[in-house]
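Taking it in order: structure first as structure tokens, then the write-up.
The values are calculated or read from the model by the stated rules, or taken from the named source; none is laboratory data. Only a predicted model underlies this, so the values are computations on that prediction, with no experimental measurement involved. Glycine also receives a Cβ, built like all others from the backbone with ideal geometry; neighbour counts cover every protein chain displayed. The protein model used for the area step is the full one, side chains on, heavy atoms only, and it has no ligands, DNA or RNA in it. Shrake-Rupley method; radii C 1.70, N 1.55, O 1.52, S 1.80 Å.
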Amino acid sequence: MNRRDLNRRDFLLGTSLAAVGLALGTRPSFAAGKDLTIATSLPSLSFPFFVHMQKQLAAEAAAQGGVKLIETDGQNQATKQTGDVEAAVTQKVDAIVISPLDVDAMAPALQAAVEAGVPVVTIDRRVKNVTGILAHVGADNVAGGEAQGNAIIAAFPNGARIFHLQGQPGAGPAIDRNKGLHSVLDKVKDKYQIVFEQTANFARAEALSVTEAGLAGAANPPDVIVCANDDMALGAMEAVKARNLTGIKIYGFDALPEALKMVKEGAMAGTVEQFPGEQSRIAMRIAVAFARDGKKPEKDLTLLTPIVLTKDNLDKAERLGEMQ
């Protein structure tokens, strides 16, 4: 066989192997080990919860090696986050890992990214109206809301009057946590009455003013204030302290270090741990494995099960070491 025939054979063999790899949903082996550029996008880095997620995304990217991150901050504006996603597509990044501010508002930009061939992995907030998302990693927020409701029933077996501070309208976690809480309490609403319910948009300052308004308008203080995140719980706690009220149990969600400290000291009754760091690390591993080797995740939906942390099980907190 002459050199020309050998070259033709090698070319055809290589082409056949590449075709087989693509048919199996994997990239050719020569892609292994290549350096990657991955864009991360979080709703707002003014929230400690998302700062923690970004740190864990960066830590996992460093652990994977050969990964450059383009870190973007949505600044609590869907238009800003949309622009960041569009810029990432223009820059031809190898993947996007994103927690969408508003799941509906962000759907068009994410669909465009998928259609442009950019793998997209969502964390914390799932976008159901986009076809082709590589994977979603989050917490089962409905289960988290249910856990809050069951914790209230356990703490007040004879019934309770409840204030409920909801999260940001349009945010997937806010919708699901509200659904979970109501699915538990609505079944026993003759004993567990939600006497005040309003959004505070996941913000501490807004939760302070909303709680103050609720307390001012109530004939009697509530037994419980349950909040869709810890920032709101900490804001509600300030309002309760300002009125020198005692005995009100406050529940948060996210297990921030400051909230863990308040639980330890008894100022808060509990907070829900949803393991955001683990969500972030899993999501980054999925993005890197697909972008580098064409490896698809075993499942396209991974939901971690949240738990309520109280004084009795604080050792299960992901961020216990950050508590001061």
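So who's got an amide H within less than 5 Å of the one on Q166, skipping anything under 5 residues away but keeping other chains? H placed 1.01 Å off N, in plane.
Q198, T199, A200
Quick one: length gained pulling K179 to K128 fully straight, 0.36 nm per residue minus the C-alpha distance?
So the extension gain works out to 16.7 nm.
Hey, what angle do you get for helix 204-217 against the long axis of the chain, alpha-carbon based, 0 to 90 degrees rounded to 10?
On a 0 to 90 degree scale, this one is about 30.
Expected output is a single nm value to one decimal: the length gained when fully extending between T90 and S209, i.e. 0.36 nm times separation in residues minus the C-alpha distance. What is it?
38.6 nm
Ignoring ligands, DNA and RNA, what percent of the accessible area of the chain is carbon or sulfur (1.4 Å)?
With neighbouring chains kept in place, the figure for the chain is 51 percent.
Residue separation times 0.36 nm, minus the C-alpha to C-alpha distance between T305 and F156: what's the value?
51.3 nm
Taking 7 Å along the Cα-to-C-beta vector as the label spot, tell me the T37-E197 distance in nanometres, rounded to one decimal.
4.7 nm
Quick one: helix 172-185 against the long Cα principal axis of the chain, what's the angle to the nearest 10°, folded into 0 to 90?
In the chain, helix 172-185 runs at an angle near 40 degrees to the longest axis.
Output the antiparallel fraction of DSSP beta bridges having both residues in the chain, as a percent to the nearest 5.
5 percent
As a test of the formula, what do you get for the chain when each DSSP H run with n ≥ 4 contributes -39,500 (n - 2.57) and the sum is divided by the residue count, at 222 nm and rounded to the nearest 500 deg cm²/dmol?
-14500 deg cm²/dmol
Over the stretch 69-207, what relative contact order in percent results from Cα pairs under 8 Å that are six or more residues apart?
19 percent
Taking Cα centroids, how far is the stretch 254-270 from the stretch 143-191 in Å?
19 Å
Determine the per residue accessible area of the chain with all protein chains present and a 1.4 angstrom probe, expressed in square angstrom.
46 Å²
Where does helix 78-90 land angle-wise versus the long Cα axis of the chain, in degrees 0 to 90, nearest 10?
So the inclination is approximately 10 degrees.
Tell me the label-point distance for the pair A63, Q324, using the 7 Å Cα-to-Cβ offset, in nm and rounded to one decimal.
2.6 nm
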